[in-house]
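The values are calculated or read from the model by the stated rules, or taken from the named source; none is laboratory data. Please read these numbers as outputs of a predicted model, since none were measured by experiment. Methodologically, a virtual Cβ is constructed for each residue, glycine included, from the backbone with ideal geometry; neighbour enumeration extends over all protein chains shown. Each accessible area value is taken on the protein alone, full model and side chains, heavy atoms only, with ligands, DNA and RNA left out. Shrake-Rupley method; radii C 1.70, N 1.55, O 1.52, S 1.80 Å.
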Amino acid sequence: MIASEAPRPMQTLSSLTTALPPALDQAVARELAKWQANGGIARLWGRDAGLWTGGDEGRWLGWLDIPDRMRQTLGGLAGFRTDAQRYSDVLLLGMGGSSLGPEVLARTFGTQAGWPKFHVVDTTDPTQIRAIHASLDLARTLVIVSSKSGSTLEPNALKAYFEAALTEVVGAKEAAHRLVAITDPGSALQRLAKAEGFQRLFLGDPEIGGRYSVLSPFGLVPAAAMGLDLSRLIDSALAMAAACKPDTAATENPGLLLGAILAAGLAEGRDKLTIYSGPGLDAFGGWAEQLLAESTGKGGRGIVPIDAKQVSAPAIYGRDRLFVHLALKGHPDPRAAAIQALADAGHPVVRIEVADTYGVAQEFFRWEIATAVVGAAMGIHPFDQPDVESAKIAARKLTDAYEESGSLPGETPILVDGDIKLYADSANAAQLGAVAESPTVEAYLKAHLARIGTGDYAALLAFLPMNEETQAILERTRLTIRDGTRAAVCLGFGPRFLHSTGQVYKGGANNGVFIQITGDEAEELPVPGKRYGFGVVKAAQARGDFAVLAERDRRVLRVHLGPDPVAGLERLASAIGRALA
């Protein structure tokens, strides 16, 4: 039900329990005592920028009361929610916070009976876009374009592509009426929606950053299209918000408690946070990755979050690790015993049990509070993302160059070995060339991975189609590197990770060793109205990201595969296995 006058059922709060080493447990207690003594939570709710850097943090805290404000305006979504039932498919085009929150909701709740299938497109990969296109019944598809700024490259290109596809099926006038926009007031997308006659336009709050926006229209409009009970979702968030208010003792405040654990862990060098999201909540880790990485990864520090699937023997993990296990009540996690073994071995483990699927809204709010708490403990601005912007700028320069010349600037590999080419900036090329035992992919990978030291992490950054085959090979490769080096290993697909963990890779500590993976496009996919296609956009994004990593003196190597990503990844996986043997 949507009506705000509907009776509100009692909300059961998610539970949080810990198994922490004594020293960390004591550090958490000190952190909580400090917040209690200093009135930290009251200052947070009071939007006191002095809690962080004394800058403009106060104007980015609209997420604190957005559940209550949305509760008062749910009636405005009722008509849209009803109309969505007319469609077979709803397609959301967005990046970062505009897509990750809706993806959590879609995967947590699944397709509701009598409601459309919900698809999220947050890629520029031609193969992946084609696959999504082929899965749609365009004659009965609604498209949501979600972008706070309205100027983000990916959703604008995707909007052009899918609007053209709709036009071929239903005609130009009806195609425009199949579009819904979610954006901030005054954006280019707002102007476009009005000019082109979109079916609906929903405005967000400019005082809420993208990664904190899931309980605003950026999450609730998609939730309405899925047929979710919006009142119940918001009431769940409100229950957690009430528990996180200043009148709750510090030791009982759910958001503060999680934030204090993360902050104390970071202070003692536990900067790698592994998130295990149990059955029914499996997409939550990807959302939390963005929230933590973009918020804390700056000034040469930050939490490196890892959305993990596998649990290994405790000896594999070092003293730089902290673990959070989220479980949905009634959905047993087959990894529970292995996670318990981590705690038994002395690793810090936080367990969160979510009472029901609507409890995911509680976790959205808890983790937002916790992230703001960590930012305060670090003395940073947790609501900006300067290094995400730097990669966007670098990519935009390359696509603009292509638009003018018809080609991307030339580049020369440092090694060609069959279908695989290796690229590096001059500094990394010199370091690797000096120690590689032979001019082979295996030798260069061995030299590169040998640069992983104590306290470091590795990251696989794949600008490839994201599907079951590629994910399975890369997950296997991730575990090979982790087990061979005992380092934490991140895995992300471009360009979506650029709007997420990309911030901590560039702005956080220089303790990452990166393998960027690119490939040839089997077939380009044009972007309507542009000289470039999606393959060029993806290549520009990869090159831009690589350039910024190199500028920040990161240890980075690019592996360029041939046109077959599966065959290329298998060869890469074998070479890494031999390099670490």
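List pairs: first residue in segment 182-207 and farther than 12 Å from SER147 by Cα and of a type in the set (Phe, Trp, Tyr), second residue open to solvent by less than 40 Å² (accessible area, probe 1.4 Å) and in a helix (DSSP H, G or I) anywhere in the structure, Cβ distance under 7 angstrom, at least six positions apart or on different chains.
PHE198/ALA176
Name the residues in segment 78-96 that are open to solvent by 10 Å² or more (accessible area, probe 1.4 Å) and among the aliphatic types (A, V, I, L, M), would you?
ALA78, MET95 - these are the residues of segment 78-96 that are open to solvent by 10 Å² or more (accessible area, probe 1.4 Å) and among the aliphatic types (A, V, I, L, M).
Only residues that are touching a strand residue (DSSP E or B) at 6+ places or on another chain (Cβ under 9 Å), open to solvent by 10 Å² or more (accessible area, probe 1.4 Å) and either in a loop (DSSP other than H, G, I, E, B) or basic (Lys, Arg) (or both): list them for segment 285-309, please.
Correct list: LYS309 only.
Look at ARG130 and say whether it is in contact (Cβ under 8 Å) with a residue 40 or more places away in the chain, among the charged types (D, E, K, R) and open to solvent by less than 60 Å² (accessible area, probe 1.4 Å). Working first, answer last.
Values: in contact (Cβ under 8 Å) with a residue 40 or more places away in the chain: yes; among the charged types (D, E, K, R): yes; open to solvent by less than 60 Å² (accessible area, probe 1.4 Å): no.
Taking the combined requirement at face value, the residue does not satisfy it.
Of a type in the set (Ser, Thr, Tyr), in contact with a strand residue (DSSP E or B) (Cβ under 9 Å, 6 or more places away or on another chain) and either open to solvent by 10 Å² or more (accessible area, probe 1.4 Å) or modelled with pLDDT under 95 (or both), is that true of TYR423? Before you say what the answer is, go through the steps one by one.
On the way: of a type in the set (Ser, Thr, Tyr): yes; in contact with a strand residue (DSSP E or B) (Cβ under 9 Å, 6 or more places away or on another chain): yes; either open to solvent by 10 Å² or more (accessible area, probe 1.4 Å) or modelled with pLDDT under 95 (or both): yes.
Taking the combined requirement at face value, the residue satisfies it.
Here is a list: GLY512, GLY519, GLY508, GLY502. Which entry is open to solvent by less than 20 Å² (accessible area, probe 1.4 Å) and under 25 Å from SER405 (Cβ atoms)? I'd like the intermediate steps shown before the answer.
Working: GLY512 fails: under 25 Å from SER405 (Cβ atoms); GLY508 fails: under 25 Å from SER405 (Cβ atoms); GLY502 fails: under 25 Å from SER405 (Cβ atoms).
GLY519 is the lone residue from the list that is open to solvent by less than 20 Å² (accessible area, probe 1.4 Å) and under 25 Å from SER405 (Cβ atoms).
Give me the helices (runs of 4 or more DSSP H) completely within segment 99-216, filtered to those with at least 1 residues that are more than 27 Å from the chain's Cα centre (by Cα) and not aliphatic (A, V, I, L, M), ordered by residue number.
Numbers: elements: 126-135, 153-170, 172-177, 188-196.
Counting at least 1 such residues, we get 153-170, 172-177, 188-196.
Taking the stated definitions as given, is GLY330 closer than 17 Å to GLU363 by Cβ, open to solvent by 20 Å² or more (accessible area, probe 1.4 Å) and not in a helix (DSSP H, G or I)?
Taking the combined requirement at face value, the residue satisfies it.
Answer yes or no as to whether LYS245 is of a type in the set (Lys, Arg) and open to solvent by less than 10 Å² (accessible area, probe 1.4 Å). Even if it seems obvious, please write down each step before you answer.
Numbers: of a type in the set (Lys, Arg): yes; open to solvent by less than 10 Å² (accessible area, probe 1.4 Å): no.
For LYS245, the condition - of a type in the set (Lys, Arg) and open to solvent by less than 10 Å² (accessible area, probe 1.4 Å) - is not met.
Output the number of the condition that ARG578 fails; it satisfies all remaining conditions of (1) part of a helix (DSSP H, G or I); (2) surrounded by fewer than 24 Cβ atoms within 10 Å (Cβ to Cβ); (3) under 20 Å from the mean Cα position of the chain (by Cα); (4) not hydrophobic (A, V, I, L, M, F, W, C).
Failed condition: (3).
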